[in-house]
Amino acid sequence: MNTTTTIRLPARRRWLSVLLAFLIFIAGLVAGVAVTVGFTVGTLQYLVHHPENAPARITNFLARRLSLDASQREHVLAIVTRHHVQIENLRRQIRPQVDQQLDQVRAEVSAVLSVDQRVKWEELFDRLRDRWMPTLAPAAATSPSNQP
């Protein structure tokens, strides 16, 4: 006797398999997003805290995208470095006004909070401000004569 029997999963079990596959997909998506956000935030924070590396990073990016030869790369680096110094000087000029506005936001929000909320708010504000608005390096640190 040669009988073949087909085993079929009950409908409830099939839905469980589909649901499990969907949950695994969602978990992978969440993990991928978390890694991407972590990498992006880390890179942005590095760039914010190390503006002195910007000319070299920009030049490397352009060299890859535009297939620059050595001479072009050297010229682009000189141009970007020169303008980067000017941009940093502008940032130094405007930064006191930005800091004043941020100080006012901190103080005005603090004024409407309870004591416990105020402590949390000021810690949070200061931590975020240090993370995203670090103290600018002195002007001499970004001048072309100090660049390698």
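Apply the membrane-span-like helix rule to the chain: whole DSSP H runs, Cα extent along the own long axis of at least 24 Å, mean Kyte-Doolittle hydropathy at least -1.0. List the helices found.
Correct list, ordered by number: 11-49, 70-111.
For the chain, modelled as a Gaussian network with Cα springs under 10 Å, which listed residue fluctuates most, VAL30, VAL76, VAL105?
Of the options given, VAL30 has the highest mean-square fluctuation.
For a quick check, take a GNM of the chain with Cα springs below 10 Å and name the residue from PHE125, PHE25, PHE61 with the largest mean-square fluctuation.
Of PHE125, PHE25, PHE61, the Gaussian network model singles out PHE25 as fluctuating most.
Looking at the chain as a GNM with Cα springs under 10 Å, which of ARG64, ARG13, ARG91 has the largest mean-square fluctuation?
Of ARG64, ARG13, ARG91, the most mobile in the Gaussian network model is ARG13.
Looking at the square roots a ≥ b ≥ c of the eigenvalues of the Cα gyration tensor of the chain, which shape do they give, rounded for a/c under 1.5, prolate if a/b is larger than b/c, or oblate?
oblate
Readers should treat all values here as calculations from the given coordinates under stated rules, not as data from a laboratory. Bear in mind the structure is a predicted one, so any value in this text is a computation, not a measurement.
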